[in-house]
Amino acid sequence: MFEMARLEVPIIAIVIGEGSSGGALALGVGNKVLMIENAIYSILSPEGYSSILWKDSSRYKEAAEKMKLTAKDLYELNIIDKIIKEPTSEGAFEKIANSMKKEIKSSISEMLKMDKEQIVEQRYNKFRNMGEYINLDS
């Protein structure tokens with residue numbers, strides 16, 4: 001992840017199913033992180049989380065709610081940059097693929113205007129502004 005963060009080329013990550021474990025951490029280093037509407041993205045599975053927290057993997061549904069691993073939750077926390085809608089109609093795969101293509105082209109077009117230093121700085125600033133922070137000293 002350290003090496004990836006220093007790359008001087010744009011990184012676009014798309015979570016299309018389940019992004020988890022160390023791979024999820026690496027995806028977070030992208031200049032743009034996109035996510036399919038019904039995908040999940042977390043460093044740990046809900047079963048693993050509930051096993052660690054409550055010593056009971058059967059509480060995975062409760063764990064999933066607390067983990068904030070949905071596209072909507074992660075967008076609100078500034079973890080991801082965009083949610084790609086997931087249609088359920090005929091031809092859904094093609095529609096999703098076209099939406100992904102559009103977002104990739106848009107992101108590349110945006111980042112082509114940046115020099116190497118700006119690409120690295122944008123990635124750094126994005127990573128630093130993820131999530132919510134609570135000051136426990138006040």
All-pairs alpha carbon distance profile, the stretch 49-111, 10 Å steps from 0, percent: 19, 29, 29, 18, 5
Within the chain, percent of DSSP bridges classed antiparallel, to nearest 5: 10
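I'd like the GluC sites (Glu not before Pro) in the stretch 1-104 restricted to DSSP loop residues with at most 15 other Cβ atoms within 10 Å, sorted by number. Intermediate values should be presented prior to the final figure.
Numbers: sites: E3, E8, E18, E37, E47, E62, E65, E76, E90, E94, E103; in loops: E8, E37, E90.
When the GluC sites (Glu not before Pro) of the stretch 1-104 are filtered for loop state and at most 15 Cβ neighbours within 10 Å, E8, E37, E90 remain.
At 222 nm, what helix-only mean residue ellipticity would the chain give, in deg cm²/dmol to the nearest 500, using -39500 (n - 2.57) for each DSSP H run of four or more?
Details: 7 runs with 67 residues, N = 138.
For the chain, the value works out to -14000 deg cm²/dmol.
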Antiparallel bridge percentage (DSSP; both residues within the stretch 7-78; nearest 5): 10
Over 24 Å between alpha carbons, listed pairs K61/K101; K95/K116; K101/K126; K72/K101: K61/K101; K95/K116
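Values quoted throughout were computed directly from the atomic coordinates according to the rules given, and no laboratory measurement underlies them. Since the model is a prediction, treat every value here as computed from it, not as a measurement. Here Cβ is always computed from backbone atoms with ideal geometry, including for glycine, and neighbour counts include all displayed protein chains.
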